[in-house]
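This report concerns only the one structure given below.
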Amino acid sequence: MHKPGFEREERIQFEGDNYAFDTLAVRAGQRRTGEGEHSDPIYLTSSYVFSSAREAAARFGGEEEGNIYSRFTNPTVQAFERRIAALEGAERAVATSSGMAAIMAVGIALMQQGDHVVCSRSVFGSTVSLFNKYLTRAGIETTFVDPTDLDAWRAAIRPNTRLFFMETPSNPLAELTDIEAVSKIAHEQGALLAVDNCFCTPALQQPLKQGADIVIHSATKYLDGQGRCVGGVVLGSDKLMEEIFGYVRTCGACLSPFNAWNFMTGLETLSLRMKAHSDAAMALALWLEQQDGIDKVYYSGLKSHPQHDLAVEQQSAFGGVLSFEVRGGKEAAFNFIDATEMFSITGNLGDVKTTITHPGTTTHGRMSVEERAEAGIKDNLIRVSVGLEDLEDIKADMLRGLAAI
């Protein structure tokens, strides 16, 4: 399997390791058609025409490479897959219709009835629902553990444990899990480690280099960067991704070419955006710690964060998402959110526009009261995805919120 890199019109494959991250973000995965186009084309076609019945038979039979049907072979989607694989240092990527479809693909394609998952308790609310409700119906059980407690990860292992799953930093409390340490625990059991890298992206963290077997993204977030499209992607070895590809091909959880094209353009500015998001979030977190009415700020860039040293070790920066607890309960949190003027009240994140939400009633609202309490998600918790507006304007909107509690 060749390493992902560049492809020219004559389809010469360049080694990705010869180029820096920012160069790969702009150039990796390109394949020109012969028309001389400079921008990546969008292949909006459902099927492909063959030169003969024999060629069609050879392609469907796997004897000849080429496009067949856009559910599983589309040049625009493949270009996005090659580019994000180059950035994550993966042998292969498989794009999906959403981030949750990517997690479902891992659960169904790589496990079977009777298998067991060890999962961080600090993950996206829909991830909890997927493992607790839908994978259970397929006979796959899940044990949730404290993401920061290595002994808890080890103690949860059963003879049938096949997958470890984590989200680091976590949504919404920015809890970190030691990727390298948990990967060793997983591999001792013969299990795989999957890491949701949505909050950091490969611009700030590359889990495969730290021992993970699989990386998952909701491309909807920072990979897009402008809140335009929904999509996901799974990355790892060619062997594992062949199973994921088989699931997507058969079950149809595929990414649209138009969305893939948007994600491709998003990747071109990923490094610049993540640095700007991180710088603004760091400044805002420090400022929030000094404000009356704020009980606690959750951001791994702060020295007050209990895992700050681990964040420095396994990330190159701290990302654009922070959470904080306001003085009071749910009503105080609602009043804060409603008093802002510029922020977008939405559950999405990773946008150039600052977004604000109340996790307990939105992104994690489907979790039970007990599950939220165990995960540390309180009624007075607010999550902010810091955008690229002027920092002083962001602070001014925060002050409007503080004045309302």
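The values are calculated or read from the model by the stated rules, or taken from the named source; none is laboratory data. Computed from a prediction, not measured in an experiment: that's the story for all the values here. Cβ: placed from backbone, ideal geometry, glycine included. Neighbour counts: every protein chain shown.
Odds and ends about this structure:
- Among (1) more than 25 Å from the chain's Cα centre (by Cα); (2) at pLDDT 95 or above - the single one residue 8 does not satisfy: (2)
- Checked against (1) at pLDDT 95 or above; (2) surrounded by 24 or more Cβ atoms within 10 Å (Cβ to Cβ), residue 172 passes all but condition (1).
- Filtered by the rule that a residue be assigned to a loop (DSSP other than H, G, I, E, B) and crowded, with 23+ Cβ neighbours inside 10 Å, the range 59-90 gives 74, 90.
- Flag for residue 93 being part of a helix (DSSP H, G or I) and under 19 Å from the mean Cα position of the chain (by Cα): no
- Any chance residue 348 is polar (S, T, N, Q) and in the same structural domain as residue 74 (by TED's automatic domain parsing): no
- Boolean, residue 238 is surrounded by fewer than 24 Cβ atoms within 10 Å (Cβ to Cβ) and not aromatic (Phe, Trp, Tyr): yes
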